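Below: the structure, in structure tokens.
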């Protein structure tokens, strides 16, 4: 009816009492338990457990540098991989790659990452450190326990 104002009756509630709402927990996506990195040129596979930071590079015993993921056995020096080339970090329940100061470049899916730049990683991404190409696969916790 035009020109008529209706008042809505509110239920008798005490505004100081907490209101119970039905909420279902928002499921967090699970971090992979492991990263499987395949050297594209040879097909060799490296499996690395996921932790808060994974430094990628090549070891240098003289300077006491030992990255978490040592690519020395995969011709890292010849391919232009720096001692501390990049780091994978866990942030907001995701895996991110951060380029470190590397002379020969860090690339994610053929996109150049500048020093300090972070990019979200996804299973199936290709990481290139210098000219060493790695294909990333995320391994879930349930699959990791059976490998």
Extension reserve of the residue 120-residue 45 stretch, reckoned as 0.36 nm per residue once the Cα distance is removed: 24.8 nm
Rough spin-label spacing in nm, given labels placed 7 Å along Cα→Cβ, for residue 101 and residue 133: 3.0
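Considering only DSSP beta bridges whose two residues both sit in the stretch 34-147, what percent are antiparallel, to the nearest 5?
Numbers: 36 of 38 bridges.
Once the DSSP bridges in the stretch 34-147 are tallied, antiparallel ones form about 95 percent.
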Expected output is a single nm value to one decimal: the length gained when fully extending between residue 78 and residue 111, i.e. 0.36 nm times separation in residues minus the C-alpha distance. What is it? 9.7 nm
Which of rounded, prolate or oblate describes the stretch 34-144 when judged by the alpha-carbon gyration tensor and an a/c cut-off of 1.5? rounded
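Among 128-137, 104-113, how do they line up by average Cβ neighbours within 10 Å per residue, starting with the highest? Before the final figure, lay out each step's value.
Numbers: 128-137: 18.9, 104-113: 15.8.
The packing order, highest mean first, is 128-137, 104-113.
Just so you know, all these numbers are worked out from the coordinates, no wet-lab data involved. Since this is a predicted model, take the numbers as computed values, not measurements. Note: ideal-geometry Cβ built from the backbone for every residue, glycine included; neighbour counts use all protein chains shown.
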